[in-house]
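Asks: Below you'll find the structure I mean.
The values are calculated or read from the model by the stated rules, or taken from the named source; none is laboratory data. Since the model is a prediction, treat every value here as computed from it, not as a measurement. Note that each Cβ is placed from the backbone with ideal geometry, even for glycine, and that neighbours are counted across all protein chains shown. We work out accessible area using only protein heavy atoms, side chains counted, and drop any ligands, DNA or RNA first. Shrake-Rupley method; radii C 1.70, N 1.55, O 1.52, S 1.80 Å.
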Amino acid sequence: MDPSKQETNQKKASKPMAKKETQEFQFVVYNTMTQQKEVFNPKTPGKVRMYVCGVTAYDFSHLGHARAAVSFDVLYRYLKHLGYEVTYVRNFTDVDDKIIRRANETGEDPISLSDRYCKEYNIDMSDLQCLSPTHEPRVSDHMEQIKDMITQIINKDFGYVVEGDVFFAADKFSNYGKLSGQKLENNRAGERVAVDSRKRNPSDFALWKAAKPGEPSWDSPWGPGRPGWHIECSAMSAHYLSFKFDIHGGGLDLIFPHHENEIAQSCAACEESDVSYWMHNGHVTNNNEKMSKSLGNFFTIRQITERYHPLALRYFLINAHYRSPLNYSVVQLEGASDAVFYIYQTLKDCQDALLQLQEEMPNDGKPARITPDAKECISKLRNEFQVKMSDDLSTSLILTGAFLEALKLVNNLLTMLKKKQQKQQRLLVIQSLKEIQNEVTKVLDVLGLQPPCSYNEVLLQLKEKALTRAGLVEDDVIRLIKERAEVRRNKDFLKSDQMRAHLQAKGIALMDVGTETIWRPCVPVQQDSEIVPSEGQKVPPKPESA
């Protein structure tokens, strides 16, 4: 495709199609290819085709994998919210050097080992409330498509065979480096690229690797072997989405060489190959260093969700712009857990109140009449959500401002219900609560933060996680509450405050409500700075005991 024509098509302004034609805003995304924000304009009106590079499945997935999955899940949800019909493809790499090495260490079949970790990954994704993609292809199931593409590349003189290996002749692709700005000479041997003197050019990379003893292999026109890393995504994206599709996504670390090599391969196989928008999420860092398995400074998703609710982890991940670096922080995880508890407690209180007041709500089919404050609140929340989400998915800006104001108004209206009011005013308050609740839950649904169970259940789960982090069980807290009640009866208020502070340091807040004391999770006042090793891995630190 003519590059100038492609750029013109990419920058052409268009409103989202299908169900949302009346909206007065445009969805803008940052395109890595052009290094600027562009109005989203799919190739087929009303339909979006999206491919996101998935995980190499040989171990439990880490926090960096969670960030990529959640980032593109938010995009997927938002596109559906806009009314698009979305075909979302996210692959599994189940044939790779790392998988083979791990299988040799454990004595397992490589494909079986990878299959096990693919299933574990999907459990993690379910916990994080990531919607299932339309297709989840695996390399081992798409050998014919991969071999066909390699054949096309060879036939067009972009590939060559050496002793059963097939290499891509990178210097023959004139646009190499257009995504990353990297030069050919930078594509040299590294973590996944073997040093091989048989290459015509050090920058050439493997399309097909000849079989080695003890490794899985498949028959091919060039002899038994297995595919290189880059070719799999080119072949599978073309198979499910064609050579022309709308969005290709992945982590920032995939821009070079993986996505650069994908572009070269796909264009070599089909000169009309074209991806409109390349989108990349930022790294998760630990002490400002990229979190990765190769560096050994990572936490698995499982390790985090053993101690923090998956919805708290999701909140933490989207509480920063998807393209920005996100530094791992126990303080921020604690804050995220506290934030989601407040959200769900507010919505539970609202829901409970509305259930009790059902008989007072009109059932005449007329539009609900609400207070001026509620009307302004809903309008502001709706507008802020649309503006921020349409600006390259600025999720972190949605979770503050109008969203928090809406929750605050809910609590104020709940307080008003406890006071004597005229019937008409009371009805306005009830209907206002219902309408605000509806608007808040719409926002939570698009962000993937609407819990799959009742608010009461998720609150109990959040409390259980807080107890785990505190090293307590609920009976311990109840016992301490009773002991403190006795201390207060004896008017030893200093000791009473000390007991409260002791629990607060562990992340347990006591609240005196009338003659009753209840507890809820809170952000611990003090925390360890060191991370406690567990079974050879690092895990988030426990709050320091008082």
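Asks: For Leu355, tell me the accessible area in Å² from a 1.4 Å probe, rounded to the nearest 10.
Replies: We get 100 Å² for Leu355.
Asks: Next question. Starting from the 7 Å offset along Cα-to-Cβ, what nm value, one decimal, do you get for the label separation of Glu486 and Arg101?
Replies: Placing both labels 7 Å along Cα→Cβ, they lie 5.9 nm apart.
Asks: What's the center-to-center distance, using Cα atoms, between region 380-434 and region 299-357 in Å?
Replies: Between the Cα centre of region 380-434 and that of region 299-357, the gap is 19 Å.
Asks: Ratio of Rg to Rh for region 471-521, alpha carbon only, Kirkwood?
Replies: Numbers: Rg = 10.2 Å, Rh = 11.0 Å.
Over the Cα atoms of region 471-521, Rg/Rh equals 0.93.
Asks: With charges set only on the Cβ (+1 for Lys and Arg, -1 for Asp and Glu), what does the dipole of the chain come to about its Cα centre, in debye to the nearest 20?
Replies: Working: 70 positive and 73 negative charges, 345 e Å.
Computed about the Cα centre, the dipole is about 1660 debye.
Asks: Taking 7 Å along the Cα-to-C-beta vector as the label spot, tell me the Val513-Gln424 distance in nanometres, rounded to one decimal.
Replies: With each label point 7 Å from Cα toward Cβ, the separation is 3.4 nm.
Asks: Turning to a different aspect of this structure: For Phe205, list long-range residues whose amide hydrogen, built 1.01 Å from N in the peptide plane, is under 5 Å from its own amide hydrogen.
Replies: Under 5 Å from the amide H of Phe205 lie the amide H atoms of Phe168, Ala170, each far enough along the sequence or on another chain.
Asks: State the extension gain, in nm to one decimal, for the chain segment bounded by Glu464 and Asp445, taking 0.36 nm per residue of separation less the distance between their alpha-carbons. Walk me through the numbers before you get to the answer.
Replies: Numbers: separation 19, 0.36 × 19 = 6.84 nm, distance 2.39 nm.
Between Glu464 and Asp445, full extension yields an extra 4.5 nm.
Asks: Count of lysine pairs in region 130-271 with Cα atoms under 21 Å apart, counting only pairs 8 or more residues apart in sequence or on different chains?
Replies: Here the count comes out as 18.
Asks: Before I look further, what does the chain give for accessible area per residue, probe 1.4 Å, in whole square angstrom?
Replies: On the way: 25110 Å² over 546 residues.
So the chain comes to 46 Å² accessible per residue, rounded to a whole number.
Asks: Taking a cut-off of 17 Å between Cα atoms, list the aspartates and glutamates near Lys119, but don't count ones fewer than 8 places away on the same chain.
Replies: Asp59, Asp94, Glu108, Asp109, Asp127, Glu136, Asp141
Asks: Right, another one. Run the accessible area of region 342-457 with a 1.4 Å probe and give the carbon-and-sulfur part as a rounded percent.
Replies: Accessible surface attributable to carbon and sulfur in region 342-457 totals 48 percent.
Asks: Looking at region 30-89, what % of its DSSP beta bridges pair antiparallel, to the nearest 5?
Replies: Numbers: 3 of 8 bridges.
Of all bridge pairs located within region 30-89, approximately 40 percent are antiparallel.
Asks: Then there is this: Taking θ as phi - 60°, what are the ³J(HN,Hα) couplings along region 72-78 by the Karplus curve (6.51, -1.76, 1.60), each to the nearest whole Hz, with x for Gly and Pro?
Replies: Running phi through 6.51 cos²θ - 1.76 cosθ + 1.60 with θ = phi - 60° gives 7, 5, 4, 4, 4, 5, 5 Hz.
Asks: Expected output is a single nm value to one decimal: the length gained when fully extending between Leu357 and Asp157, i.e. 0.36 nm times separation in residues minus the C-alpha distance. What is it? It would help to have the intermediate numbers written out before the result.
Replies: Details: separation 200, 0.36 × 200 = 72.00 nm, distance 7.41 nm.
That works out to 64.6 nm of additional length.
Asks: Separate question: Using the Cα gyration tensor of the chain, with a ≥ b ≥ c the square roots of its eigenvalues, what is the shape: rounded (a/c below 1.5), prolate (a/b larger than b/c) or oblate (neither)? Provide the component values of the computation, followed by the final result.
Replies: Values: a/c = 2.83, a/b = 1.61, b/c = 1.76.
The shape class here is oblate.
Asks: Oh, and also: Kindly flag which residue pairs out of Lys388/Lys442; Lys348/Lys463; Lys348/Lys482; Lys375/Lys434; Lys366/Lys423 have an alpha-carbon separation exceeding 20 Å in this structure. Walk me through the numbers before you get to the answer.
Replies: On the way: Lys388/Lys442 15 Å; Lys348/Lys463 15 Å; Lys348/Lys482 27 Å; Lys375/Lys434 12 Å; Lys366/Lys423 18 Å.
From the list (Lys388/Lys442; Lys348/Lys463; Lys348/Lys482; Lys375/Lys434; Lys366/Lys423), the Cα-Cα distance tops 20 Å for Lys348/Lys482.
Asks: Still on this structure, I have one more. Please state the charge dipole magnitude for region 342-457, taken about the Cα centre, from unit charges on C-beta atoms (+1 on K and R, -1 on D and E), reported in debye and rounded to the nearest 20. The partial results should precede the final answer.
Replies: Numbers: 15 positive and 15 negative charges, 107 e Å.
Dipole about the Cα centre, nearest 20: 520 debye.
Asks: A further question follows. Quick one: work out the % antiparallel among DSSP beta bridges in the chain, nearest 5. Mind dumping the intermediate values first?
Replies: Details: 28 of 50 bridges.
The antiparallel fraction comes to roughly 55 percent.
Asks: Just going by the charge dipole of the chain, with Lys and Arg at +1 and Asp and Glu at -1 on Cβ, which of Ala269, Ala402, Val284 is farthest out on the positive end?
Replies: Farthest towards the positive pole: Ala402.
Asks: Specify the longest stretch of the chain that does not include any exposed loop site, a site being one of the GluC sites (Glu not before Pro) with a non-H, G, I, E, B DSSP assignment and at most 13 other Cβ atoms within 10 Å. Kindly include the intermediate steps, with their values, before the conclusion.
Replies: On the way: sites that count: Glu21, Glu24, Glu163, Glu191, Glu271, Glu272, Glu530, Glu535, Glu544.
That would be 273-529.
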